[in-house]
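Worksheet for the structure shown next.
The values are calculated or read from the model by the stated rules, or taken from the named source; none is laboratory data. The structure presented is a predicted model; accordingly, all values stated were derived computationally and were not measured. No Cβ is skipped: glycine too gets one built from the backbone with ideal geometry, and neighbour counts run over all protein chains shown.
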Amino acid sequence: AGAGHAETLVCAERADVVGRLAAEYGETRQAIGLASASQVVEIFASEETGSWTITVTRPDGTTCLMAAGRYFEELDEALTPTAGGDPA
């Protein structure tokens, strides 16, 4: 379970996508960021199963699955400095 599920659901309303990831894969949101064109990128994962999914939500509320896989692992390590210095 988990690997390849991005292939079965391409895009849908965000609530439907989040509900399906939770119900079928036990995934919850682990990270969030803002991409270009006001798109929200989210990473969902299950610590129990190790499955993960990356989604992009457009301003109209449509969420698309971009990638999915297995063996999710949360890391607790210091950030790597950027070429221009430490992130501020």
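Let's see how each residue does on (1) over 12 Å from the mean Cα position of the chain (by Cα); (2) farther than 17 Å from residue 17 by Cβ:
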position: 49; (1), (2): yes, yes
position: 59; (1), (2): yes, no
position: 72; (1), (2): no, yes
position: 76; (1), (2): yes, yes
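Whether a residue is within 12 Å of the chain's Cα centre (by Cα), at pLDDT 95 or above and assigned to a strand (DSSP E or B) was assessed, and residue 40 passes this test. Residues in segment 16-37 that are assigned to a helix (DSSP H, G or I) and at positive phi: 37 alone.
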